[in-house]
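Peer 1: Once you've had a glance at the structure underneath, I'll fire off some questions.
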Amino acid sequence: MQIEDIQAGKVLLVDKPLDWTSFQAVNKIKFKLKREFKLRKIKVGHAGTLDPKATGLLIVCTGKATKQIPLIQDAEKEYRAEIKIGVQTESYDTEKPEILHRDYTHITEENISAALGKFIGEIDQRPPVFSALKIDGERAYDLARAGQSVEMKARKTTIHYIKDVEISLPLVSFTVGCSKGTYIRSLAHDIGQELGVGAYLTALRRTKIGAYSVEEASSDYLTNDFLFSEAE
C-alpha cells in the first residue's frame, strides 16, 4: 500500500480483536497512517460500529473512500453469536455481571427452535441501554454507566435468517443475517424473554458486511509492528 493509495481512498478490512472499541481501532489506524506516510492530515472513518465485546469485521475507510461509508453501513450484516440462557446481564453481554439466574432445565431444543423462528422477518427491537446511541446529545452508555435511567425506544429491524444452530445448554450458538441497526445483544435478550428464562450474549463475531467477509480481513492493521507499505 502506497501513499497514493491512501490519498485516493482505501477500504481496509480489519479483524477487530476483543475489547477494542471501533473508535480506538480507527484512531490507531489513523495514527499509523500519519506516521508511516508522514501525513499531517488524513480522513479515516469506520462503516459501522462493532461493540468492544465483539470481534470480527470492521470496515475502515481512508481519504475519498470515506464517501462509501453510508453505502457500506446500509448493507446487510452477518454474525456468529453465542448466547447463554437462564441468566441475564444489564448490558445484555459480558460487560456486566450475571443477574437473575433462573432454572432452564425444562427448555428443550424444540423450545429453542420455536423461539428463534419467532424473530425471523421484520421485528420491533429495543436497543440496549449500554449502546452508542445518542439521547439528547449524550451516548446512552455514558448515561447508563453514570447510573441514570435511560429509556430506549423500540424501532423496526429485520432478521433475514438464523441458521447453523448449535445447542449445548445453557449455551446456544447460531449464525444470523440482519439489516442495518440490528443489535444482536438485544436479540439475545429477547430470545431469553421468549423462552421465559432470560439470556445474554456471551460471544459475537461479525463475519460479513454486504459483499465483504471477515475471511479477507486482518488484525495486522492494529499491531505496532505492521507497516502499511508492506500491505497489498
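Peer 1: So how strong a dipole does the range 1-137 carry about its Cα centre when Lys and Arg Cβ are +1 and Asp and Glu Cβ are -1, to the nearest 20 debye?
Peer 2: Details: 22 positive and 20 negative charges, 264 e Å.
In total the dipole reaches around 1260 debye.
Peer 1: Pairs LYS38/LYS64; LYS77/LYS163; LYS30/LYS153; LYS10/LYS34: which exceed 23 Å Cα-Cα? Could you put the intermediate results ahead of the total?
Peer 2: Numbers: LYS38/LYS64 18 Å; LYS77/LYS163 14 Å; LYS30/LYS153 34 Å; LYS10/LYS34 14 Å.
Long pairs (Cα-Cα over 23 Å): LYS30/LYS153.
Peer 1: Quick one: what are the phi-derived ³J(HN,Hα) couplings along the range 161-169, Karplus 6.51/-1.76/1.60 with θ = phi - 60°, whole Hz, x for glycine and proline?
Peer 2: 6, 10, 9, 6, 6, 10, 10, 9, 3
Peer 1: Round to the nearest 0.05 the FRET efficiency obtained for LYS43 and LYS156 when R0 = 41 Å and r is the Cβ-Cβ distance. Could you put the intermediate results ahead of the total?
Peer 2: Working: r = 32 Å, r/R0 = 0.78.
The formula returns an efficiency of 0.80 here.
Peer 1: At a 10 angstrom cut-off on C-beta neighbours, averaged per residue, how do the peptides 31-40, 74-83 rank from highest to lowest?
Peer 2: Working: 31-40: 13.7, 74-83: 19.2.
Ranked by mean Cβ neighbours within 10 Å, highest first: 74-83, 31-40.
Any read-out appearing in this document is the output of simple, stated calculations on the displayed coordinates, not a laboratory observation. Everything numeric here is computed off the predicted structure, so don't read it as measured data. With ideal geometry, Cβ positions are generated from the backbone for all residues, glycine too; neighbour counts draw on all protein chains shown.
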